[in-house]
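A short write-up of the structure that comes next.
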Amino acid sequence: MNNSVSNTARLLGAGLRALLVLTLVTGVLYPLVVTGIAQGLFNDKANGSEVRADGRVVGSSLIGQAYNLPLKAGQKTPAADLKWFQGRPQNGLGTNSVNTRYKLVLSGATNRSGDNQELIGWVKDAKAAVVRDNSTATYQVKPSQVPADAVTSSGSGLDPDISPQYADIQVHRVAERNGLSTARVAELVDEHTEGRTLGFMGEPRVNVLALNIALKKLVSKS
């Protein structure tokens, strides 16, 4: 009987020591080491790839955001603020109807097939809007110039980048709305165009947030 009790006590003691050691290693030391490495070597990425302007965080380089005008009385869908470069459509985003204490953006895709009539309608409407909004008195956008990323949302609905082609057809409108020369705004787009990752992965892209921050600085200097 005594042997049985002592063996049980010994096993329980060994189990508790193992629990404490594993808790210390996996719950304290490992997170501290990983966090230290992340902060030391990948500080920007570890902290959400935050983008700062005017001394405050204005977004993340990984998450697209809308540039819209404030809603007017009775208006349900905000209109685009056309003095800024616009990102991709965000048709796949959901709304937070569960935890309403927080204002959340729910990422998601449209999950529509290529022949879905609703999707086709979205694309047609978006294409017409791109042609209309970006045509000026001296520059007419042709439907054939509108790239796919201008009329379709990404899988997440939060793509932060647009193609150089989409940025280029916005140049005349942005220049006109901000009282800038077309050449200078086009130069700004070129300065913020990134090539393929490692030279062969993906496509050339323009980060809309970074471009609009640079645009704001340019306007303030004009």
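All of (1) within 21 Å of the chain's Cα centre (by Cα); (2) at pLDDT 90 or above; (3) surrounded by 16 or more Cβ atoms within 10 Å (Cβ to Cβ) hold for Ala175 with one exception: (1).
Residue-by-condition table, conditions (1) of a type in the set (Val, Ile, Thr); (2) surrounded by fewer than 15 Cβ atoms within 10 Å (Cβ to Cβ); (3) not assigned by TED's automatic domain parsing to the domain that holds Pro147:
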position: Thr182; (1), (2), (3): yes, no, no
position: Ala186; (1), (2), (3): no, no, no
position: Val189; (1), (2), (3): yes, no, no
position: His192; (1), (2), (3): no, no, no
position: Leu198; (1), (2), (3): no, yes, no
position: Gly202; (1), (2), (3): no, yes, no
position: Val208; (1), (2), (3): yes, no, no
position: Ile213; (1), (2), (3): yes, no, no
position: Lys217; (1), (2), (3): no, yes, no
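Here the range 68-89 is the region considered, the condition is being over 19 Å from Ala210 (Cα atoms) and among the polar types (S, T, N, Q), and the residue that is nearest to the chain's Cα centre (by Cα) is Thr77.
The values are calculated or read from the model by the stated rules, or taken from the named source; none is laboratory data. What you see is a predicted model, and the numbers here were worked out from it, not measured in a lab. All Cβ positions, even for glycine, are placed from backbone atoms using ideal geometry, and neighbour counts span all protein chains on display.
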